[in-house]
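The values are calculated or read from the model by the stated rules, or taken from the named source; none is laboratory data. Here the structure is a predicted model, which is why all the values come from computation and not from measurement. In this analysis, Cβ positions are derived from the backbone assuming ideal geometry, glycine residues included, and neighbour counts consider all displayed protein chains. Heavy atoms of the whole protein, side chains included, go into the accessibility calculation; ligands, DNA and RNA do not. Shrake-Rupley method; radii C 1.70, N 1.55, O 1.52, S 1.80 Å.
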Amino acid sequence: MSTDKLIEESKKYIMNTYGRLPVVFVKGRGTKLYDSDGREYTDFLAGIAVNNLGHCHQKVVVALQKQAQKLMHVSNYYHIEPQIKLAKMLCQHSFADKAFFCNSGAEANEAAIKLARKYAKTNMGEGRYEIITAENSFHGRTLATITATGQPKYQKGFDPLMPGFKYVPFGDVDAVAAAITENTCAVMLEPIQAEGGVNVPREDYFRKLRALLDEKGLLLILDEVQTGMGRTGKLFAYEHFGIEPDIMTLAKALGGGTPIGAMLATEKVAEAFSPGDHASTFGGNPLVCAAAIASLETILEDGWILGQSAALGEYMKKGLMALAARRDVIKDVRGKGLLIGVQLATEAAEVVKEALEAGFLISMAGVNVLRFAPPLIITEDEIDSLIDTLDRLLEKRSSK
Ligand SMILES: *Cc1c(COP(=O)(O)O)cnc(C)c1O
């Protein structure tokens with residue numbers, strides 16, 4: 001089918017929930033994507049921080065092929081071998097003692113919200129159910145998670161929203177302290193706000209917040225759906241801040257390109273769930289767990305990918321800062337590892353479109369921020385050629 005025909009049928013048969021760019025990708029290898037006309041692109045989005053190992057990584061492909069031939073799905077009425085192995089690996093490499101598996105980031109956050117409420121009911125006394133989240137946060141598109149999301153644009157048209165959420169400015173411990181009431185049970189935050197504009201908190205924010213929550217006996221839920229799995233140069237972004245959460249959610253890059261989410265917690269908090277409290281038919285099925293194991297093993301091997309994410313993140317930020325010195329339309333460059341935001345004085349959408357025409361996938365985080373989340377195997381050469389292209393695209397938008 002021709003590209004035009006594909007796009008015509010896409011518009012005819014698929015609900016109109018995405019503003020899609022006019023391209024159909026049919027093949028991916030490493031950092032490259034190929035469209036239905038055979039044109040090659042370099043990927044600085046990675047399916048929104050999903051393809052951290054690049055497209056069709058050989059280890060993930062082989063793990064999927066082997067598992068598909070052996071056992072694809074079995075109910076959680078039974079114990080599942082790849083699920084056990086994945087849970088053990090995640091616990092051994094994080095603060096957590098136990099895992100629950102689901103299929104997406106929003107579902108992982110739903111599970112976290114339910115666990116926090118259940119824990120509060122059994123451990124904090126009656127009436128503690130409220131969760132404090134941050135302005136400009138993003139936690140997903142289900143009803144509870146759009147309510148947790150501190151951005152009205154995601155909530156408009158869907159009220160009544162879920163009761164029990166409250167918002168404070170991100171990065172302000174005093175604001176959290178002031179928002180805590182006798183109803184509060186937890187604070188839920190992204191370690192670095194991704195969709196909200198790639199906002200990195202001050203170095204001491206999470207240490208002060210953790211101390212406050214410990215003093216009050218409240219839970220810290222970290223949404224690492226986008227920042228987890230090596231994206232920021234550490235396996236989990238909380239490792240940058242010298243603290244540990246009580247609950248953490250993962251999805252995006254966890255499955256090496258397959259749909260899987262996870263909610264991890266300490267033993268003490270996880271104990272609040274008993275059989276029947278939460279479930280998912282597909283959650284942690286053998287197929288996606290096999291892919292996740294292969295992906296996690298690859299990320300952990302010798303740590304070179306984590307080192308690469310940190311070093312190339314610094315390299316890319318330096319290049320973008322040098323560009324900012326030449327092109328005054330750039331107002332700020334920020335991020336950690338290979339999650340990088342570039343704040344523009346103008347709207348980002350047109351730049352994203354022009355970058356695609358020039359052969360690069362990039363995206364936005366909010367109206368004015370370009371967001372870069374390339375596969376962690378991106379190269380310095382590819383970063384250089386993206387920056388050259390941005391230089392050209394931003395020239396006409398700058399006064400110098
Ligand atoms: C993408 C994202 C989600 C939602 O994940 P889905 O898999 O789309 O449901 C939640 N939280 C954060 C921080 C995200 O980046």
Model label zone, residue 182; criterion: amide N under 20 Å from point 7 Å along Cα-to-beta-carbon; scope the stretch 211-227: 215-219
Within the stretch 97-206, percent of DSSP bridges classed antiparallel, to nearest 5: 10
Among beta bridges that DSSP assigns inside the chain, antiparallel share in %, nearest 5: 65
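Taking 0.36 nm per residue of separation and subtracting the Cα-Cα distance, what length does fully extending residue 175 through residue 347 add? If you can, show how the numbers build up before the last one.
Values: separation 172, 0.36 × 172 = 61.92 nm, distance 3.01 nm.
Gain in length upon complete extension: 58.9 nm.
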Per residue, in Å², the accessible surface of the stretch 117-237 once ligands and nucleic acids are set aside, probe 1.4 Å: 40
Kirkwood hydrodynamic radius (C-alpha pairs) into Stokes-Einstein, the stretch 11-139, 20 °C and 1.002 mPa s, D in µm²/s: 112
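Starting from 0.36 nm per residue, how many nanometres of slack lie between residue 48 and residue 126 once their C-alpha separation is accounted for?
24.1 nm
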Theoretical FRET efficiency, 1/(1+(r/R0)^6), r = Cβ-Cβ of residue 27 and residue 77, R0 56 Å, to 0.05: 0.90
Solvent accessible area, Å² - residue 162, 1.4 Å probe, full protein context: 70
Where the stretch 24-91 is the region considered: accessible area per residue in Å², 1.4 Å probe: 58
Estimated inter-spin distance, residue 4 and residue 89, nm [label 7 Å along Cα→Cβ]: 4.7
Selected from 339, 21, 390 as most flexible by GNM, with the chain as the system and alpha-carbon contacts under 10 Å: 21
Per-selection Rg to Rh, the chain - Cα, Kirkwood hydrodynamic radius: 0.96
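Which translational diffusion coefficient, to the nearest whole µm²/s, is obtained for the stretch 204-323 from the Stokes-Einstein equation, given a Kirkwood hydrodynamic radius over C-alpha pairs, 10 °C and 1.306 mPa s? Can you show the working numbers first?
Values: Rh = 16.3 Å.
D, rounded to a whole number, is 97 µm²/s.
Among all stretches of the chain without exposed chymotrypsin sites (Phe, Trp or Tyr not before Pro) (DSSP loop, at most 13 other Cβ atoms within 10 Å), which one is longest? Mind dumping the intermediate values first?
Numbers: sites that count: 18, 77, 78, 158.
My reading of the result: 159-400 is the longest stretch.
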Fully extended contour minus Cα-Cα distance, from residue 367 to residue 58, at 0.36 nm per residue: 107.6 nm
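Kindly provide the GluC sites (Glu not before Pro) of the stretch 93-189 that DSSP labels as loop, not H, G, I, E or B, and whose Cβ sees at most 10 other Cβ atoms within 10 Å. Each step should come with its number before you reach the end.
Working: sites: 107, 110, 126, 130, 135, 182; in loops: 126, 182.
Taking the stretch 93-189 and a limit of 10 other Cβ atoms within 10 Å, the loop GluC sites (Glu not before Pro) found are 126, 182.
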Cα Rg over Rh - the stretch 317-365, Kirkwood: 0.95
Area accessible to solvent at residue 214, 1.4 Å probe radius, in Å²: 90
Average accessible area per residue (Å²) across the stretch 243-384 - probe 1.4 Å, nucleic acids and ligands excluded: 36
Where labels lie 7 Å past Cα in the beta-carbon direction, separation of residue 282 and residue 267 in nm: 3.4
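Expressed as a whole percentage, what fraction of the accessible surface of the chain belongs to carbon and sulfur atoms when a 1.4 Å probe is rolled over the protein heavy atoms? Please report the intermediate quantities before stating the final value.
Details: 9530 of 18100 Å².
Roughly 53 percent, rounded to a whole number.
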